[in-house]
1. I'd like to check something: does region 225-234 contain any residue that is surrounded by fewer than 22 Cβ atoms within 10 Å (Cβ to Cβ), of a type outside the set (F, W, Y) and more than 21 Å from Y41 (Cβ to Cβ)?
2. Can you tell me which residue within region 40-69, out of those that are among the hydrophobic types (A, V, I, L, M, F, W, C), crowded, with 20+ Cβ neighbours inside 10 Å and more than 22 Å from P111 (Cα to Cα), is farthest from the chain's Cα centre (by Cα)?
3. Going through region 41-66 one residue at a time, which ones are part of a helix (DSSP H, G or I) and among the β-branched types (V, I, T)?
4. Regarding I27, is this residue outside any helix (DSSP H, G or I) and among the hydrophobic types (A, V, I, L, M, F, W, C)?
5. Among the residues of region 151-210, what is the count of those that are among the polar types (S, T, N, Q) and within 13 Å of A141 (Cα to Cα)?
6. Please enumerate the residues belonging to region 57-81 that are within 20 Å of I2 (Cβ to Cβ) and among the aliphatic types (A, V, I, L, M).
7. Any residue that is in a loop (DSSP other than H, G, I, E, B) and hydrophobic (A, V, I, L, M, F, W, C) - is there at least one of those in region 197-219?
8. Quick check on Y240: is it assigned to a helix (DSSP H, G or I) and on the phi > 0 side of the Ramachandran plot?
Amino acid sequence: MIIIGEKLNSTLKSVRPAIENYDDAAIQELAKKQYEAGASYIDVNAGVFYDDEPERLEWLVNTVQKVIDAPFSIDSPKPQAILAALKANKNTKPIINSITDERERYNAVMPLAAEYKTGVVALCMDDTGMPETVEDRVKIASRLIEKLTKEGISIEDIYIDPMIRPIGTGSHYGKVALETMRIVKSEYPEAHIVCGLSNISYGLPARKLLNQAFLVAAMAAGMDSAILDPLDKKLMAFLYATEALLGIDDYCINYLEKFREGELEV
């Protein structure tokens, strides 16, 4: 499972002051904790600081890569900010988070992905907005995969995001996301499936419970990467257990190792 650590995000009230004040120590500590907890990538987001987002995103990359070698998920819709982060990056291949099939956004982000040979989170959204149905989401995913691979992006570097909408705003949204994952993974097994896990529970109580349940269901539907909080030990325990149950973890070796390390919180 590819884990994208979500904590270095300017929208989080606990993190925003550290980015606002250029607090190197706080950012580095949070990055290290996520990496040590199992994050494969570190997501960096400075979108709240709209006027100087490129400068702050560049600072985040420079600050984090002084202490860990983890690759980045560069999280911004703004091409100037993505470019600043890509230029600063000295770690291994990053992911751009994200591109859509909206003409303006696609044309602005695609050249950066091609030039810097990055992975790409591709959202199931186009100029008509966020589709309601599974069929429309799968069509957009197929179109994005076709366009991106023609531009030279390897299918193994494409992360399709079905767009998770809160089930509190529509009881069908969980099922729509899961079915989209299942179909896309069956039709494009070499592509990755990713999502922002906690979006499913937005606005509801006991969010962690819903996130845990959705993680298991999504992994069973074909999701092989997720933007989540790796510091949530119970969520990570569900992840390791699900890998074992789905046969992803051969002979439960990783599960047993995590048990011995005391990581399987129940």
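Values quoted throughout were computed directly from the atomic coordinates according to the rules given, and no laboratory measurement underlies them. In this text the structure is predicted, and so the values were computed from the model without any measurement. Glycine also receives a Cβ, built like all others from the backbone with ideal geometry; neighbour counts cover every protein chain displayed.
1. Yes, that holds for at least one residue.
2. Within region 40-69, the first condition is being among the hydrophobic types (A, V, I, L, M, F, W, C), and the residues that meet it are 42, 44, 46, 48-49, 57, 59-61, 64, 67-68.
When the remaining residues are screened for being crowded, with 20+ Cβ neighbours inside 10 Å, the result is 42, 44, 46, 57, 59-61, 64.
Those left that are additionally more than 22 Å from P111 (Cα to Cα): 42, 59-60, 64.
Values: I42: 9, W59: 20, L60: 17, V64: 18 Å.
Ranking the qualifying residues of region 40-69, first place goes to W59.
3. Going through region 41-66, the residues part of a helix (DSSP H, G or I) turn out to be 53-64.
Result: V61, T63, V64.
4. Working: outside any helix (DSSP H, G or I): no; among the hydrophobic types (A, V, I, L, M, F, W, C): yes.
No, not satisfied.
5. Applying the first criterion (among the polar types (S, T, N, Q)) to region 151-210 yields 154, 169, 171, 180, 186, 198-199, 201.
So of that shortlist, the ones also within 13 Å of A141 (Cα to Cα) come out as 180, 186.
Count: 2.
6. Within region 57-81, V61, V64, I68, A70, I74 meet the criteria.
7. yes
8. No: the conditions fail for Y240.
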